[in-house]
Amino acid sequence: MQICVIGAGYVGLVTATCFAEMGNQVSCVERDPFRLARLAHGQVPLYEPGLEPMLQAHLASGQLSFMARVEEGVAEADIVFIAVGTPSGEDGSADLSHVLAVADELGASLRRPCLVVDKSTVPVGTAERVAQRINAGLAARGLGFRVQVASNPEFLKEGSAIDDFMRPDRVIIGCDDADASEQLRRLYAPFLRNHERLLSMGVRAAEFTKYAANAFLATKISFMNEMAGICARLGVDIEDVRRGVGSDKRIGTHFIYAGCGYGGSCFPKDVRALIRTAEQEGMEPGILRAVEARNALQKTLLFQALREHFSGFLQGRVVTLWGLSFKPGTDDLREAPSLVLLEALLQAGARVQAHDPAANAGVAARYPKAVESGQLRLLDSPYGAAEGADALVLVTEWKQFRQPNFERIRGLMRMPVIFDGRNLYEPAQLVEAGFLYRGIGRPASG
Ligand code: NAD
């Protein structure tokens, strides 16, 4: 099939590359000239394991191409995917300006019938609005055909995006037209050869499913974080509790890790947008509000613990941060818990030495003054970042941090103190290695 994907971010790029991998002819439209220039040379402008070699292969074979103009991208397209960002607006609702701008561009540039699909996460009713905008454009140009707009929300996870897309848990197709639904089913058939996991439903149900899924996952995390808070008071280790409750099949082991809060480009904004939707419908979304409030609190816990440890005096203290991206396997810093901690530390006059395998450059670009003054140093190795530190904080649980040489670290640090924001380490092991250990929802050790 001839596919056009509009937006070459985490979702758009993975979508375009994976469709090319299955033999489709894919054009990908990106408006950011810097991104586009890199993509044209086969460079992926974001960190996503496995994406670059695949993209280069399909660029070389001519199966995948990049362009700036929607008109060029859609010229031959049977299906057009909208995969642009939907950040939080000022009132918390999803900002649809990018999606609607694409709809206007499609209305002004489509020359032949095609199926348009929202892949971006958008509130219920958006497909209808997009269809109206496109069809108004077509009518204004005196064209005789109209387009259908379907919803196909994306569930990939940054860090394992290729695998998630190639072997999805499920594909949701929201479509009110049988032919369009069949066209999408055929497009996805190669991804679902050994497991029929395609769920067809109405457009509005598909749009809502994505929000409900993310809100549920965020709820699991905030619930465990609240349990961790209670555990900490009772001298109970939340890690024992996690293993205990996770072994119940009805609960499951995923997404029940206590920690320093969730971030990223999806959970925070999608929970906020769902709260706004409920409010607009005159409902009181009590659970969602609590999920958000717990997460905001959770992001401040590491700083509170550090302040307590240093009796309120952080000025001049050297604090090491391991991990900056919102989760392992990505360079994405959107709403990352690390940034809340980093800003509080800088504000309090601490000196920060940080290391992240993929996000150092992104953090340097966000805090140029702190980098210039030397208050923030971004280092290439976890050990370099630990040198001379008064405390080390594990913020993002990259694999590289799972089993470090603690003896070496103790030798490098001025004071052997570890704050474990992801409960990655065994407290007894660290105490034996000579550290003071503090986790989230665990009794203090050492
Ligand atoms: P992103 O910000 O990384 O990428 C969006 C891209 O679209 C950018 O490169 C931007 O320059 C481009 N763009 C914006 N307007 C354009 C236009 N008019 N023409 C061409 N290009 C344009 O966003 P993302 O993280 O890929 O997310 C995209 C959507 O997918 C969002 O709605 C998000 O909620 C959803 N989603 C994201 C993830 C994820 O893990 N990132 C997972 C599932 C769903």
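Checking each residue in the stretch 332-358 for being crowded, with 20+ Cβ neighbours inside 10 Å, small (Gly, Ala, Ser) and within 16 Å of residue 314 (Cα to Cα) picks out only 350. The residue that is nearest to the ligand (Cβ to nearest atom), among those in the stretch 238-278 that are more than 18 Å from the chain's Cα centre (by Cα), part of a helix (DSSP H, G or I) and of a type in the set (Asp, Glu), is 239.
Sub-7 Å Cβ pairs linking a first residue in the stretch 121-143 that is under 20 Å from residue 277 (Cβ atoms) to a second residue that is in a loop (DSSP other than H, G, I, E, B) and among the aliphatic types (A, V, I, L, M), at least 6 apart or interchain, are 122/96; 126/96; 131/147, ordered by first then second residue.
Restricting the search to the stretch 342-382, which residues are assigned to a loop (DSSP other than H, G, I, E, B) and of a type outside the set (D, E, K, R)? The answer is 348, 349, 350, 357, 358, 359, 367, 374, 375, 379, 381. Being within 28 Å of residue 123 (Cα to Cα) and crowded, with 16+ Cβ neighbours inside 10 Å: is that true of residue 275 here? Criteria met by residue 275. Here is a check on your reading of the model: is residue 279 among the charged types (D, E, K, R) and in the same structural domain as residue 220 (by TED's automatic domain parsing)? Yes. Residue 385 fulfils the conditions (1) surrounded by fewer than 16 Cβ atoms within 10 Å (Cβ to Cβ); (2) in contact with a Ser or Thr (Cβ under 7 Å, 6 or more places away or on another chain) except for a single criterion, (1). Entry remark, the stretch 287-322: residues being farther than 18 Å from residue 335 by Cβ, assigned to a strand (DSSP E or B) and of a type outside the set (Val, Ile, Thr) number 1 in total. Starting from residues that are under 24 Å from residue 10 (Cα atoms) and surrounded by fewer than 19 Cβ atoms within 10 Å (Cβ to Cβ), keep the ones in the stretch 169-185 and report whichever is farthest from the chain's Cα centre (by Cα). The selected residue is 185. Of all residues in the stretch 362-375, those that are in contact (Cβ under 8 Å) with a residue 12 or more places away in the chain and aliphatic (A, V, I, L, M) total 3.
The values are calculated or read from the model by the stated rules, or taken from the named source; none is laboratory data. Quick caveat: nothing in here was measured; it's all calculated off a predicted structure. With ideal geometry, Cβ positions are generated from the backbone for all residues, glycine too; neighbour counts draw on all protein chains shown.
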